[in-house]
Amino acid sequence: MSEQLQWINEAWMQVTKKVNRTSKRIGANFPHASENGKYILEEPYWWTAGFWPGLLWQVYRDTKDDSLRQLAEKCEEKLDSVQHDYYRLDHDMGFMWTLTSVAHYKLLGNEDSKRRALLAANLLMGRFNVNGNYIRAWNPWTEGEDNSGVAIIDCLMNLPLLYWASEVTGDPRFKNAAKKHADTVLKYFIRNDGGVHHIIRFDPESGEMLEAMGGQGNGRDSAWSRGTAWAIYGLTLSYHYTGEVKYLETAKRVAHFFLSHLPEDFVPDWDFRLPDDVDSPKDSSAGAIAACGLLLLADKVTAAESPIYHRAGEKILQSLYKNYGDWEGSEEGLILHATSHFPEGKYTDNPLIYGDYYFVEGLARLKGNKDLFW
Ligand code: GLY
């Protein structure tokens, strides 16, 4: 067996062992960050709710372990309450229902899952601002706050739900709204050097761009590494669904920015552009997300370009496995040293469920399973 296949198979074995063990305590719930050895469980309306079931589906696809399938299905059923509680829903419906209902529908053809995912896609469409051509990100976080003009880079990963909805219904409205949002991202979020802004605020009435904001990055002109990773993967997925070369070319530009800022161990700090007096803990989740984007990008570019992206994606995943993986400990969480929200001091050195999810998705891809849940 080649050395390359050996680490991938070994890593997959560790993943299945640990996910099985963790599933006994977590069950059909919604972990987010692991602290003091245990995953903290969130309410199902939190944006991370799709990642644990998504991870269960990734492992189930390979092992056909029915106990994991049942847990993923129960998580999906629990999300029904969120779908009916309209006030809790924001743009992250894409993350939430793609990794639950779309995954379930793609793997097992479940008709209830298709209905749930289409309902989520329709609700996501309802957030589209026709004057600004963006999908509104959040609802007010505090009483009286007006977020109606806010769009964020992460939303690129919510667009596949809309592309998928057009594919299964034959109705182009979903895809066209997704493309309009992606075009807005090209126009306002991606900087010339390939770095990205996290947040853009628009005038929600006229659609005029008002300001760029730092958000989860260090500042307006810093370079939040996870936002950069969302852009690599999200733009590549927009190319995957539309075939429009502008998305591919921009994904490549953002990928080059990301790769040129990686440290020696291939795992990024939480922000690539920090002044000396700001701490720079790692964000392993940004590495895992970018790796998935790079591996898909490798399949979309020419044969001459492909190895650049494939090798980079593989190196990131290998480093995450060897240097960041927690395989023998009794701690919950697969990949250590992720940062959720540095400016708010939230989980700055923890395993995060999305880091775990994308690590496993990337590994599955390296093992040869290229079918996308997205
Ligand atoms: N979508 C929120 C985050 O990346 O933390």
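Mind checking which residues of the stretch 119-139 are more than 24 Å from Leu68 (Cα to Cα) and assigned to a helix (DSSP H, G or I)?
Leu119, Ala121, Asn122, Leu123, Leu124, Met125
Would you say Leu107 is surrounded by fewer than 19 Cβ atoms within 10 Å (Cβ to Cβ) and touching a Lys or Arg at 6+ places or on another chain (Cβ under 7 Å)?
So Leu107 passes the test.
List the helices (runs of 4 or more DSSP H) inside the stretch 12-93, counting only whole elements, that have at least 2 residues being within 16 Å of the ligand (Cβ to nearest atom).
Per the criteria, 51-63.
Residues checked against (1) in contact with a strand residue (DSSP E or B) (Cβ under 7 Å, 6 or more places away or on another chain); (2) closer than 25 Å to Phe373 by Cα; (3) among the charged types (D, E, K, R):
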position: Pro204; (1), (2), (3): yes, no, no
position: Glu208; (1), (2), (3): yes, no, yes
position: Thr236; (1), (2), (3): no, yes, no
position: Thr250; (1), (2), (3): yes, yes, no
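Anything in the stretch 253-289 that is within 16 Å of the ligand (Cβ to nearest atom), surrounded by fewer than 24 Cβ atoms within 10 Å (Cβ to Cβ) and of a type in the set (Phe, Trp, Tyr)? List them, or say none.
Phe272
Would you pick out the residues in the stretch 229-247 that are of a type in the set (A, V, I, L, M, F, W, C) and within 18 Å of the chain's Cα centre (by Cα)?
Selection gives Ala229, Trp230, Ala231, Ile232, Leu235, Leu237.
Take the stretch 334-350 and flag every residue that is part of a loop (DSSP other than H, G, I, E, B) and either away from the ligand (no atom under 16 Å from the Cβ) or under 15 Å from the mean Cα position of the chain (by Cα) (or both).
If the condition is that a residue be part of a loop (DSSP other than H, G, I, E, B) and either away from the ligand (no atom under 16 Å from the Cβ) or under 15 Å from the mean Cα position of the chain (by Cα) (or both), then Leu334, Leu336, Thr339, Ser340 are the ones that fit.
Just give me the residues in the stretch 218-252 being away from the ligand (no atom under 12 Å from the Cβ) and among the hydrophobic types (A, V, I, L, M, F, W, C), in sequence order.
Ala223, Ile232, Leu235, Leu237, Val245, Leu248, Ala251
Filter the stretch 161-194 down to the residues that are crowded, with 24+ Cβ neighbours inside 10 Å and more than 18 Å from Trp138 (Cα to Cα) and list them by number.
Trp164, Ala165, Phe174
Picking from Ser330, Ser340, Ser319, which residue would you name as being in contact (Cβ under 8 Å) with a residue 24 or more places away in the chain, surrounded by fewer than 24 Cβ atoms within 10 Å (Cβ to Cβ), in contact with a strand residue (DSSP E or B) (Cβ under 8 Å, 6 or more places away or on another chain) and polar (S, T, N, Q)?
From the options Ser330, Ser340, Ser319, the qualifying one is Ser340.
Return a yes/no flag: does the stretch 66-86 have any residue that is of a type in the set (Val, Ile, Thr) and more than 17 Å from Ala117 (Cα to Cα).
no
In the stretch 202-217, which residues are buried (at least 21 other Cβ atoms within 10 Å of the Cβ) and either more than 16 Å from the ligand (Cβ to nearest atom) or free of Cβ contacts under 8 Å to residues at least 12 places away in the same chain (or both)?
The one that is buried (at least 21 other Cβ atoms within 10 Å of the Cβ) and either more than 16 Å from the ligand (Cβ to nearest atom) or free of Cβ contacts under 8 Å to residues at least 12 places away in the same chain (or both): Phe202.
Being within 29 Å of Lys346 (Cβ to Cβ), of a type in the set (S, T, N, Q) and either in contact with a Gly (Cβ under 8 Å, 6 or more places away or on another chain) or modelled with pLDDT under 95 (or both), is that true of even one residue in the stretch 270-289?
Within the stretch 270-289, one or more residues are within 29 Å of Lys346 (Cβ to Cβ), of a type in the set (S, T, N, Q) and either in contact with a Gly (Cβ under 8 Å, 6 or more places away or on another chain) or modelled with pLDDT under 95 (or both).
Residue check, Cys292 against (1) over 23 Å from Glu10 (Cα atoms); (2) crowded, with 22+ Cβ neighbours inside 10 Å, all met but one. Which one?
(1)
Somewhere in the stretch 352-374, is a residue polar (S, T, N, Q), under 26 Å from Met96 (Cβ atoms), more than 16 Å from the ligand (Cβ to nearest atom) and surrounded by fewer than 19 Cβ atoms within 10 Å (Cβ to Cβ)?
Checked the stretch 352-374: at least one residue is polar (S, T, N, Q), under 26 Å from Met96 (Cβ atoms), more than 16 Å from the ligand (Cβ to nearest atom) and surrounded by fewer than 19 Cβ atoms within 10 Å (Cβ to Cβ).
Which one is farthest from the ligand (Cβ to nearest atom), of the residues in the stretch 125-157 that are of a type in the set (Gly, Ala, Ser) and free of Cβ contacts under 8 Å to residues at least 12 places away in the same chain?
Gly144
Just give me the residues in the stretch 83-101 being under 17 Å from Phe51 (Cα atoms) and out of contact with any Leu (no Cβ under 7 Å at 6 or more places or on another chain), in sequence order.
If the condition is that a residue be under 17 Å from Phe51 (Cα atoms) and out of contact with any Leu (no Cβ under 7 Å at 6 or more places or on another chain), then Asp90, Asp92, Phe95, Leu99, Ser101 are the ones that fit.
With Ser67, Ser2, Ser34 as the choices, which residue is of a type in the set (Gly, Ala, Ser), surrounded by 15 or more Cβ atoms within 10 Å (Cβ to Cβ) and farther than 19 Å from Met93 by Cα?
Answer to the check: Ser34.
The values are calculated or read from the model by the stated rules, or taken from the named source; none is laboratory data. On a predicted model such as this, the values are computed, not experimentally measured, just so you know. Cβ sites come from the backbone with ideal geometry, for glycine too, and all protein chains shown count toward neighbours.
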